[in-house]
Amino acid sequence: IPIERIRNFSIIAHVDHGKSTLADRLLELTGTIKGGQQNQILDKLQVERERGITVKAQSASLLYKYNGDIYLLNLIDTPGHVDFSNEVHRSLSVCQGVILLVDSNDGVQAQTVANFYLAFVNDLVIIPVLNKIDLKNADPERVSKQLKSLFEINPDEILKISAKLGIGIDNVLQNIITKIPSPKVDRSSKLRALLFDCTYDRYRGALSLIYIQDGCISLGDSITTFHNKKDYEVRTLSLLRPDEVRVKKLVAGQIGLVGCNMRSPKEAHIGDTIYHSTCLIEPLEGFKLSQPMVFAGVYPMDQSQHINLRNAIEKLTLNDSAVSVELDTSPALGQGWRLGFLGLLHLEVFTQRLTQEYGAEPIITAPSVTYKIKLKPTKQNVKDGSDVMYVNNPANFPEQMKIEQTFEPMIIGTIVTPDKYLGAIMSLCMERRGVQRSANNIDNERVILQYDLPLCEVVLDFHDTLKTISSGYASFDYENTGYQESSMVKLAILLNGTLVDELSNIVHVTKAKTIGKQMVFKLKDIIPRQMVHIAVQATVNGKVMARENIKPYRKDVTAKLYGGDITRRMKLLAQQAAGKKKMRMVANISLPRETFIDVLKK
Ligand code: GDP
Ligand code: MG
């Protein structure tokens with residue numbers, strides 16, 4: 001297929017506006033899949049199916065006949081949630097255009113705004129499409145006006161479709177062909193391919209998803225990765241339609257999967273350039289990936305599972321390059337890792353995948369953002385530059401007397417909401433130490449707000465709370481803006497007088513008391529009664545902020561069931577045993593596996 005008849009595009013939208021459903025219809029209409037199959041075909045992962053969200057961008061190559069010619073359309077489905085914006089960035093780097101999909105009932109939402117600007121600054125052609133026009137409450141006119149007032153999109157250019165019912169889909173395909181330019185690539189020059197995603201296959205090792213910018217690649221070729229200058233032989237090449245179809249050759253403009261026996265996950269460097277081993281080339285421009293913002297310790301239930309967990313983490317990070325990995329040890333939990341994530345949903349999805357795809361059941365400790373700390377100057381630390389440190393693990397928080405200043409990471413948050421929830425949302429932002437930057441009307445019932453907020457106040461449950469107080473109508477998106485001075489302290493959790501850093505937390509000084517109270521109360525609830533009395537305390541610099549007691553229990557849970565039914569007794573004993581299995585001894589007290597993360601949720 002000649003270059004002029006290739007289109008690379010992506011569908012971007014706020015979560016639930018129908019991207020995956022539209023992708024299904026496009027796959028059907030181009031004969032790539034048969035109608036009436038499963039829905040949301042590209043959501044392959046179990047987490048995606050269970051949560052009904054897309055977390056991995058997926059690609060599919062479609063063939064479509066238009067005016068007598070066959071066109072190759074490379075579609076990249078992207079996730080909508082903020083935590084996965086890396087996937088969106090990456091996908092856009094190989095596209096020339098996007099379909100900006102907006103729900104014609106919900107209208108413009110926070111991620112619609114964020115995604116529009118992402119496509120806009122990348123100079124991509126934007127095809128605006130209103131979806132779900134079949135809904136009773138659909139109001140395409142109102143949403144068109146929103147698009148006009150926010151993005152200056154001409155209402156005449158806006159397509160109106162129903163992805164669910166398959167209305168207007170051929171019009172979308174025609175617009176992709178007529179409006180989006182073909183990629184600017186060169187097939188006659190030396191091979192340069194951008195490695196932009198990676199998956200792991202049990203038999204073939206790491207498989208790299210590549211976009212061929214220049215030249216072509218064939219089976220048997222010797223290729224080199226620019227990053228670590230390692231040589232490989234091309235063993236398999238495939239197109240994703242969306243299942244793998246083996247081919248012998250891929251040419252510039254195409255997207256495909258390369259298997260070349262990369263054994264170690266670390267070898268596939270996202271953003272790397274692949275070239276023919278004998279040719280010297282200029283590397284392609286990689287892309288800026290977001291930095292991990294939320295860190296948590298990940299530990300095996302017991303050390304016998306250490307190797308298992310290590311393998312699982314290695315393989316999964318290959319498929320999710322946004323996760324950062326460092327070794328870590330904890331006095332209570334032994335050898336483990338400190339992993340960095342883009343947000344809390346990202347953390348939850350990652351750990352769920354560890355369990356579902358690799359059978360690992362790790363302990364996850366309380367998540368934390370990275371604080372910057374300036375220590376009081378001493379001759380030594382000024383000389384070697386160790387007077388400034390970055391801390392994302394409460395265990396490493398220095399003693400208060402050594403600290404000169406603390407800084408916390410800030411974000412600028414965008415909230416779109418119907419105006420009747422404005423009051424509740426403004427109090428929420430205030431409670432989270434937010435400062436309003438702007439408030440503007442999108443139309444006569446919707447408002448777009450911008451707030452400066454501390455990252456630690458939004459990573460955990462801000463999004464959920466926002467959804468709850470607005471009955472699901474408000475949406476949220478954020479961007480990082482750097483450090484700001486702020487008084488942070490370590491809120492230490494003690495169990496029977498023993499400091500448990502794995503439960504401790506770095507918090508703003510004004511919140512230490514409230515959070516301390518919440519935490520000990522929550523712990524009282526989570527920690528099962530045991531043989532011994534347990535005192536749970538929260539302290540700041542040795543000062544007790546809150547305390548609760550957990551009374552010891554009676555020795556035999558079945559003692560009360562005098563005589564009674566033997567099967568009932570057996571059941572109770574079995575339950576007790578099952579409960580024990582997922583416990584972890586910390587400070588001579590057994591804690592359920594989920595304690596470390598559950599204690600922070602409201
Ligand atoms: P994504 O998060 O953007 O990928 O959205 P999905 O494709 O998963 O769709 C979210 C929900 O909207 C699903 O329940 C779809 O069935 C539904 N949906 C998608 N398109 C339409 C449509 O045109 N009309 C109606 N009524 N529902 C739709
Ligand atoms: Mg989806």
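Candidates A252, A296, A312, A268: the one that is open to solvent by less than 70 Å² (accessible area, probe 1.4 Å), closer than 25 Å to E4 by Cα and not aromatic (F, W, Y) is A252.
Enumerate the pairs (first residue in segment 162-182 and within 15 Å of N67 (Cα to Cα); second residue anywhere and more than 9 Å from ligand 1 (Cβ to nearest atom) and open to solvent by 70 Å² or more (accessible area, probe 1.4 Å)) with beta-carbon separation below 7 Å, excluding pairs fewer than 6 apart on the same chain, so at least 6 apart or on different chains. If the second residue must be more than 9 Å from ligand 1 (Cβ to nearest atom) and open to solvent by 70 Å² or more (accessible area, probe 1.4 Å), the pairs left are D170/L29; L173/L29. Of the set (1) over 20 Å from the mean Cα position of the chain (by Cα); (2) crowded, with 18+ Cβ neighbours inside 10 Å; (3) small (G, A, S), all apply to S304 but (2).
Residues in segment 330-381 that are assigned to a strand (DSSP E or B), farther than 27 Å from E457 by Cα and open to solvent by 30 Å² or more (accessible area, probe 1.4 Å): 1 in all. Taken over segment 399-422, residues that are farther than 19 Å from C456 by Cα and either open to solvent by 20 Å² or more (accessible area, probe 1.4 Å) or free of Cβ contacts under 8 Å to residues at least 60 places away in the same chain (or both) amount to 12. Among the residues of segment 8-31, those identified as open to solvent by 10 Å² or more (accessible area, probe 1.4 Å), away from ligand 2 (no atom under 12 Å from the Cβ) and either of a type in the set (S, T, N, Q) or outside any loop (DSSP other than H, G, I, E, B) (or both) are R25, E28, L29, T30. Taking into account only those residues within segment 92-147 that are more than 30 Å from L195 (Cβ to Cβ), of a type in the set (G, A, S) and modelled with pLDDT of 90 or more, which is farthest from ligand 1 (Cβ to nearest atom)? By that ranking, first place goes to S144. Within segment 583-596, residues that are within 20 Å of V298 (Cβ to Cβ) have Cβ atoms under 8 Å from residues that are open to solvent by less than 40 Å² (accessible area, probe 1.4 Å) and of a type in the set (S, T, Y) in these pairs: M583/S590; R584/S590; F596/T365, counting only partners at least 6 apart in sequence or on another chain.
Here is the figure for segment 115-142: residues that are touching a helix residue (DSSP H, G or I) at 6+ places or on another chain (Cβ under 8 Å) and within 16 Å of ligand 2 (Cβ to nearest atom) total 3. Residue by residue through segment 46-62, note down the ones that are at pLDDT 55 or above, within 14 Å of ligand 2 (Cβ to nearest atom) and either under 30 Å from A474 (Cβ atoms) or in a helix (DSSP H, G or I) (or both). Passing the criteria: only Q58. Does K145 count as within 16 Å of ligand 2 (Cβ to nearest atom), touching a residue at least 60 places away in the same chain (Cβ under 8 Å), under 29 Å from N444 (Cα atoms) and open to solvent by 10 Å² or more (accessible area, probe 1.4 Å)? Against the criterion (within 16 Å of ligand 2 (Cβ to nearest atom), touching a residue at least 60 places away in the same chain (Cβ under 8 Å), under 29 Å from N444 (Cα atoms) and open to solvent by 10 Å² or more (accessible area, probe 1.4 Å)), K145 does not qualify.
Within segment 155-214, restricting attention to residues that are of a type in the set (D, E, K, R) and within 16 Å of ligand 1 (Cβ to nearest atom), the residue that is most open to solvent (accessible area, probe 1.4 Å) is K164.
The values are calculated or read from the model by the stated rules, or taken from the named source; none is laboratory data. These figures come from a predicted structure and were not determined experimentally. Cβ: placed from backbone, ideal geometry, glycine included. Neighbour counts: every protein chain shown. What goes into the accessible areas is simple: the full protein's heavy atoms, side chains included, and nothing from ligands, DNA or RNA. Shrake-Rupley method; radii C 1.70, N 1.55, O 1.52, S 1.80 Å.
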